[in-house]
Amino acid sequence: MKRALLSALLMAALLGLYLWAALYQGIVMISTGVPVAIVMGVALIVLPLAGGWGLWRELSFGFASTKLGKQLEAEGLAEEENLPHRPSGRPIRADADKAFPRYAEEVDNNPESWRAWFRLGVAYDASGDRKRARAAIRKAIALNKVNPA
C-alpha cells in the first residue's frame, strides 16, 4: 500500500513539474508579442490548468477513498470475500459477480449509508466495472462528507 502511495505521489510530482514547465513556456510565448506564439502560449496556459485540475481531482479521490477504506477496516466492516484470484491479483470476475447482489441489496436497503456505497464500489471493482466502482465510491465520499457517522 505504501509503495502504491509513493508511486502515485512520484507520478503526481512529475506531472506537476511538467505542468509548471508548460505554463512557464506559455508565459514566455505570450511575452514574444508574435500573434501565433500568443495563441500557442494561451493554449499552453489553459492545458496545464486543466491538467492540474484533473490531477487534484484524482489525488483527492484517492486520499478520500483510502481514508474511508481504512475507517471501514478499523470498524471491522471491510469484508474480504474469499474469491479466487488470477496471478495478477485481480479476482476472477465470474466469482466476484456471484457475491455482488449482496452489496447491491445493502445499498437498496440503506441508500444513505456511505459504508454500503463504499462496499458496493469495491464489489463493482472486483467485478471489473471500474466506471461504476468509481461512481459508487464517489457517492460514498459525498455521503460521508454530509454524515460521517
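The values are calculated or read from the model by the stated rules, or taken from the named source; none is laboratory data. On a predicted model such as this, the values are computed, not experimentally measured, just so you know. Note that we place each Cβ from the backbone using ideal geometry, even for glycine, and neighbour counts take in every protein chain shown.
State whether the residues of the stretch 110-128 include one that is outside the structural domain of Ser7 (by TED's automatic domain parsing), over 23 Å from the mean Cα position of the chain (by Cα), at negative phi and not hydroxyl-bearing (Ser, Thr, Tyr).
The first filter runs over the stretch 110-128 and keeps only residues outside the structural domain of Ser7 (by TED's automatic domain parsing), leaving 110-128.
Now narrow it down to the ones that are over 23 Å from the mean Cα position of the chain (by Cα): 110.
So of that shortlist, the ones also at negative phi come out as 110.
So of that shortlist, the ones also not hydroxyl-bearing (Ser, Thr, Tyr) come out as 110.
Yes - at least one qualifying residue is present in the stretch 110-128.
Give the residue, chosen from Ala104, Ala99, Ala116, that is assigned to a helix (DSSP H, G or I), crowded, with 16+ Cβ neighbours inside 10 Å and modelled with pLDDT of 85 or more.
Ala116 is the lone residue from the list that is assigned to a helix (DSSP H, G or I), crowded, with 16+ Cβ neighbours inside 10 Å and modelled with pLDDT of 85 or more.
Could you tell me whether Ala135 is among the aliphatic types (A, V, I, L, M), under 28 Å from Gly16 (Cα atoms) and outside the structural domain of Ala13 (by TED's automatic domain parsing)? Let's see the steps before the verdict.
Values: among the aliphatic types (A, V, I, L, M): yes; under 28 Å from Gly16 (Cα atoms): yes; outside the structural domain of Ala13 (by TED's automatic domain parsing): yes.
Yes; evaluated as a whole, the condition is true for this residue.
Would you point out which residue out of Ser65, Ser7 is polar (S, T, N, Q), surrounded by 12 or more Cβ atoms within 10 Å (Cβ to Cβ) and not in a loop (DSSP other than H, G, I, E, B)?
On the way: Ser7 fails: surrounded by 12 or more Cβ atoms within 10 Å (Cβ to Cβ).
Only one candidate passes the filter, namely Ser65.
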